[in-house]
Amino acid sequence: MKKTLLPFTTMEIATERDVVTARQRARHLAGILGFGAQDQSRIATATSEICRNAVRYAGRGRCEFLLEEGARASLVVRTADQGPGIKNLEEVLAGRYQSATGMGLGIIGTKRLMDRFLIESAPGRGTQVVFGKELPESAPLSARSPAYISEQLARTPLPAVEEEVRQDDRELLRAIGELRNRNQELEQIHGELEETNRGVVALYAELDQRAESLRKATDLKSRFLSNMSHEFRTPLNCIQSLARIVLDGSEGPLNDGQRKALQLIRKSAVDLTEMVNDLLDLAKIEAGKIAVRPVEFELAHLIGSLRGVLRPLLNDSSPVQLLFDAPPELPPLHTDEGKVTQIVRNFASNALKFTERGEVRIGVRQDEPGTVTFYVSDTGIGIAPEDQDRIFEEFTQIEGAHQRKVKGTGLGLPLSRKLAELLGGSIRVESALGDGSTFSLRIPMRYVPAEAAAPSGEIVLAAIDETALLVQWERFLEGSRYRLVPAATLEEARAALARGRPAVLITAPFLGGLTTRPLLTELRKDPATRDVPVLGLARAPHEERLLALVADLIVERLDGRHELLEALARAISPPRRVLLIAQEARDELRAQLAEPRLELLEARDGTEGVRRAREERPRTVVLDASAPGFAEEALGLLREDPETRGLPVLVRAARPLDPEEERNLHAGGARVVSVLEMLREDAARVLRAAVWEAVPANA
């Protein structure tokens, strides 16, 4: 049954005030249609988040409110803009991407709040978002009439913007009240749990005994696998040699049936030998007996070796092309060449095995200084998201028609991951069913033994009261330069801070049923800890707001090793020097960029700004556009000087810019950051995020 969309009202959105108006309109319509107070807030919040994205990333857009008729009518909101689009939409929708501005949180939040959600976006062609919520069963029949809705909208004018802000405050207070009640319940549960601690202590003793038994069993298993592998190798090599001799005709001619049988015997022996070798390597790793033998070698030499090893796997009539990208010009690597080759060869072998037609591409790139990334991409069958962790489990094979034809041992990828970790690196997979796969190995360019890779002082203080999450993080950080120190209460966190300055503090808005704000306030006031980076873990919009003023970086989830290490690297990145060129609003600009990791330099005009930029080499320049023409003049002087020409320039606009003025700023390579009609905290957050995202032209 085709559904009909009946329009209620349409509005253009170009400023933060328009976003607030759209939020009010959504709340008003939801009330007329019979939604309860909670659903009204959800619809209003979703509308404001998506409209704010349109204004922030596209400059302007359009918001429509419609009624979808059907067996169960729905309120539908449709927004559209002509902005640059979202180039990594799949990562945003999967919750794996988040820029410093929080991009993706509004989209994910809206998707969770609404009954239906659809987004279409393409680079350079704008973005359209459609979301809606079914009308409650108690909604009056008149709610389905556009004429009735229009009459109600016209009869009741929207309240002032300030009233919407007060309404948000009331909702926040209500949420805080609910949290307080939950905290009281948690305290009661905490008291009950303390009574069971005595039994837990006894269980710990029993678990220690079982852990020791498990360790002994693991040693026995490793010894058995090692002995078994050695015993199997000799007869398997004999089978291969004898099969080869007979196939060569040394023992007389063969008929077709005999030749096929011998070829099958030889292939089975080769496959079994590979499994034995993998089992032996796994046993050595688990027993801690495998050695890393670093040598110095050139990337071009390794790629050439791979080309020679992998070419014979394809015949001339194969519909698959094996391509090698030219390696970048980098200094020689100092690591275990054999293990790197083994990992990349395994990636390539799997790619050729599961690609029926198209290409397999092998190459190397440098994502960040000091590391190198080997990648193997293919146009094969791909891997479903839910299976991308399972493929690294030993003896695991994903079911499928193609997989049944080319079954393997299920040991190659688990072995590759363990080898990568031995080299101080990691493996990442990006894939989708039907769209091929890309496996990448990132390792340090110079191998550092594990015992030397954890310098003192690299402590990650986790003020988190979730035991399962802490255990997971501790496992993720094994072999890295970080050491996890958990703190389940505010007192434990304070004690840990007193013992020594951590490299980073991870915290949530609440710890042990109490808010962490006093702890973070003390952290910022103490000269010894005021510059400790704070990584905030916020799983809901209200939690993000509670951490916004004190956290250097806020993330929604940290349940993957790569996500955790990447967030830690961002949080402890070195301080950035920023040059502020302002005349009228220097104090306000300084206050908005006040952050421990930002070193602020100041200049009164463009001439002084060029001089300070030449002398002190800032990473980013921020111009204030309060006075017409001021930012244009300063930008021109910066671009004329060869030593400052490549600096990234941000223009803070707290007033509407003249169209010609805005065109000139964009033509000069500046990014205009509009904070018009934003709340003070929002303006500061947006401006700081833009500063951290800015990249020099020659970077």
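Given H placed 1.01 Å from N in the peptide plane, which residues other than close sequence neighbours of PHE510 have an amide H under 5 Å from its amide H?
HN-HN under 5 Å from PHE510: THR516.
Can you give me the Kirkwood hydrodynamic radius for segment 5-158, using every pair of distinct Cα atoms, in Å to one decimal?
Value: 15.7 Å, from the Cα pair sum.
Give the long-range amide H neighbours of VAL360: residues separated by 5 or more places, or on another chain, with amide H under 5 Å away, using H modelled in the peptide plane at 1.01 Å from N.
Here GLN321, LEU322, LEU323 satisfy the definition.
Please list, by residue number, every one of the trypsin sites (Lys or Arg not before Pro) in segment 629-689 that is coil in DSSP and has at most 15 other beta-carbon atoms within 10 Å.
Qualifying residues, ordered by number: ARG645.
List the trypsin sites (Lys or Arg not before Pro) in segment 305-361 that DSSP assigns to loop (not H, G, I, E or B) and whose Cβ has at most 15 other Cβ atoms within 10 Å. Which are they?
When the trypsin sites (Lys or Arg not before Pro) of segment 305-361 are filtered for loop state and at most 15 Cβ neighbours within 10 Å, ARG357 remain.
Which FRET efficiency, nearest 0.05, do ALA300 and VAL429 yield, Cβ-Cβ r, R0 25 Å?
So the FRET efficiency works out to roughly 0.45.
Taking loop as defined by DSSP and a crowding limit of 14 other beta carbons within 10 Å, which GluC sites (Glu not before Pro) in segment 594-643 fit?
GLU643
Taking only the C-alpha atoms, wrap a convex hull around segment 454-571 and report its volume per residue in Å³ as a whole number.
About 93 Å³ per residue, rounded to a whole number.
Can you tell me what the convex hull of the Cα atoms of segment 542-592 projects to on average, as an area in nm²?
Taking the Cα atoms of segment 542-592, their convex hull projects to 5.1 nm² on average.
For THR127, THR371, THR521, which order do you get if you count the other beta carbons within 10 Å of each Cβ and list the fewest first?
Fewest-to-most Cβ neighbours within 10 Å comes out as THR521, THR371, THR127.
After finding the eigenvalues of the alpha carbon gyration tensor for segment 295-444, what semi-axes result from the square roots of 5 times each, listed largest first in whole Å?
That gives 25, 18, 13 Å for the three semi-axes.
If you wrap segment 542-699's Cα atoms in a convex hull and average its projection over all directions, what's the area in nm²?
It is 10.0 nm².
Neighbour counts of other C-beta atoms within 10 Å: give me ILE383, ILE265, ILE506, ILE343 arranged from fewest to most.
With the fewest neighbours first, ILE383, ILE265, ILE506, ILE343 line up as ILE265, ILE383, ILE343, ILE506.
Using alpha carbon coordinates only, what is the Rg to Rh ratio of segment 14-76, with Rh defined as the Kirkwood radius?
Checking Rg against Rh, the ratio lands at 1.01.
For ASP682, ASP248, which order do you get if you count the other beta carbons within 10 Å of each Cβ and list the fewest first?
Least crowded to most crowded, the residues run ASP248, ASP682.
So how far apart, in nm, are the two label points at GLU608 and LYS87 if each is 7 Å from Cα heading toward Cβ?
Roughly 3.8 nm, to one decimal.
Based on the alpha-carbon gyration tensor of segment 357-396, what equivalent-ellipsoid semi-axes (square roots of 5 times the eigenvalues) come out, in whole Å, largest first?
Square roots of five times the eigenvalues give 24, 17, 9 Å.
Each residue of segment 633-641 in order: what ³J(HN,Hα) in whole Hz does its phi give by Karplus 6.51 cos²θ - 1.76 cosθ + 1.60, θ = phi - 60°, with x for Gly and Pro?
With the stated coefficients, segment 633-641 comes to 5, 5, 4, x, 5, 5, 6, 6, 7 Hz.
Readers should treat all values here as calculations from the given coordinates under stated rules, not as data from a laboratory. Note that the structure is a prediction, hence the values are computed from the model and not measured. Quick reminder, even Gly has a Cβ in these numbers, built from the backbone with ideal geometry, and neighbours come from all protein chains shown.
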